[in-house]
1. Give the residue that is farthest from ARG252 (Cα to Cα), with candidates limited to residues of the stretch 303-326 that are away from the ligand (no atom under 13 Å from the Cβ) and hydroxyl-bearing (Ser, Thr, Tyr).
2. Taking the stretch 168-187, which residues are over 13 Å from the mean Cα position of the chain (by Cα) and farther than 19 Å from ARG2 by Cα?
3. For VAL204, which of the numbered conditions (1) touching a strand residue (DSSP E or B) at 6+ places or on another chain (Cβ under 6 Å); (2) outside any loop (DSSP other than H, G, I, E, B); (3) within 16 Å of the ligand (Cβ to nearest atom); (4) not charged (D, E, K, R) fails to hold?
4. So which strands (runs of 3 or more DSSP E) are wholly in the stretch 244-303 and hold at least 1 residues that are modelled with pLDDT of 95 or more, more than 16 Å from the chain's Cα centre (by Cα) and within 19 Å of VAL341 (Cβ to Cβ)?
5. Please specify each residue of the stretch 182-201 satisfying the condition of being more than 16 Å from the ligand (Cβ to nearest atom) and within 20 Å of THR115 (Cβ to Cβ).
6. Scan the stretch 76-95 and give yes if some residue there is in a strand (DSSP E or B) and of a type in the set (Gly, Ala, Ser), otherwise no.
7. Kindly indicate whether any position in the stretch 134-143 is part of a loop (DSSP other than H, G, I, E, B) and either closer than 23 Å to VAL168 by Cα or within 19 Å of the chain's Cα centre (by Cα) (or both).
8. Hey, could you check the stretch 111-161 for residues that are touching a strand residue (DSSP E or B) at 6+ places or on another chain (Cβ under 9 Å) and of a type in the set (Gly, Ala, Ser) and say which is farthest from the ligand (Cβ to nearest atom)?
Amino acid sequence: MRYVVSASQRIKTYRILFYFDDMKMTLLYIALTAIMMTACGSTGTTTTSETSGNDTTTATATASRKPFDGNGAMEFTRQQCEFGPRVPGTPAHAKCAEWLMTTLQASCDSVILQTGTVQTATEGKMGIKNVIGIINPKAEQRLLLLAHWDTRPWADNDPDPANHRKPVMGANDGASGVGVLLQLARQLKAEGTTLGIDIVLVDVEDMGVEDNEESWGLGTQYWAQHPHVGGYKPLFGILLDMVGASDASFSREYYSSYYAGGFVDAVWRCAAGSHFVNSQGGAVTDDHIFVNRAGIPCIDIIDMRTNSETGFNSVWHTVNDTMDGISASTLAEVGQTLLNVIADIEQQ
Ligand SMILES: [Zn+2]
């Protein structure tokens with residue numbers, strides 16, 4: 001993904017657009033968001049804490065389910081990194097795809113491997129592998145959860161130019177979001193849910209170039225044009241991207257507010273920790289844009305930094321995006337937020 005512009009610049013330029021868009025969103029989403037308008041987790045919550053090694057995973061959970069296990073998500077994140085960088089077209093990528101299939105098969109009612117071909121900006125045509133796990137396929141009310149699993153072939157934001165053609169390990173940028181979703185699926189398998197859930201692990205998100213929005217999120221663009229079921233219409237979608245840093249800051253991403261503001265409100269009400277910041281962040285070209293353009297409201301939970309030149313944390317698109325920067329407690333916060341959202345919808 002790439003950072004487009006800071007929130008303050010956006011709001012200055014598009015103040016009027018924002019105003020009319022807010023009006024439009026109110027009308028468009030009033031019926032859909034009504035389903036999530038209650039205060040999330042306002043009753044029956046417990047706070048638990050568990051410690052493993054040097055990392056503490058703390059989460060607030062509804063009484064009916066166990067808290068999200070950040071260490072489990074951490075382990076799934078680590079296992080992806082053990083394949084090496086998951087650069088599309090490499091043996092590590094192919095092996096990881098198989099592992100994602102097997103891992104989701106243990107937790108989901110069915111798993112689909114969606115293959116296709118996309119046109120990249122610089123590498124010609126490229127095969128994609130979107131891995132889709134389906135929970136409760138017959139349930140009408142569905143939640144879409146996404147994360148990209150590929151890693152960028154070039155660490156082109158590395159301070160050392162010698163690293164610019166080396167691949168990114170993508171512990172945070174790729175593996176962290178997938179790790180949370182794999183752990184979530186495992187817990188839902190153990191404890192059950194009445195909600196239909198579709199976990200879409202998208203490929204070839206991160207082969208884009210700076211000046212071309214359409215060059216990003218290629219696996220998602222393919223999926224949006226070829227949804228895994230005809231007439232697919234979930235309540236809304238949540239994309240996870242870079243959700244593992246110990247000092248992560250999840251402010252409200254601009255395009256998420258633009259396309260699906262009511263759902264940003266609803267999810268932030270369910271936020272399970274202090275990494276969620278209730279203020280407007282910047283705008284990021286990411287998979288959620290293409291989901292929204294396909295008519296499915298979708299928000300992005302993504303780590304954005306106001307104090308950085310790139311808009312992201314310092315290891316973004318460098319060779320230092322490794323497991324060293326991943327925190328089980330941050331993963332736990334994000335996973336618990338998803339569990340809270342799911343519980344909230346179930347209770348409607
Ligand atoms: Zn990236």
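1. So the residue we want is THR322.
2. Once the filter is applied, which keeps residues that are over 13 Å from the mean Cα position of the chain (by Cα) and farther than 19 Å from ARG2 by Cα, the stretch 168-187 yields GLN183, ALA185, ARG186, GLN187.
3. For VAL204, the exception is condition (2).
4. 276-280
5. Listed by number, the residues that qualify are ASP198, ILE199, VAL200.
6. Within the stretch 76-95 (the criterion being in a strand (DSSP E or B) and of a type in the set (Gly, Ala, Ser)), the answer is no, since none of the residues qualifies.
7. No, every residue in the stretch 134-143 fails to be part of a loop (DSSP other than H, G, I, E, B) and either closer than 23 Å to VAL168 by Cα or within 19 Å of the chain's Cα centre (by Cα) (or both).
8. ALA139
The values are calculated or read from the model by the stated rules, or taken from the named source; none is laboratory data. Computed from a predicted structure; not experimentally measured. As a convention, Cβ positions derive from the backbone with ideal geometry for all residues, glycine included, and neighbour counts pool all protein chains shown.
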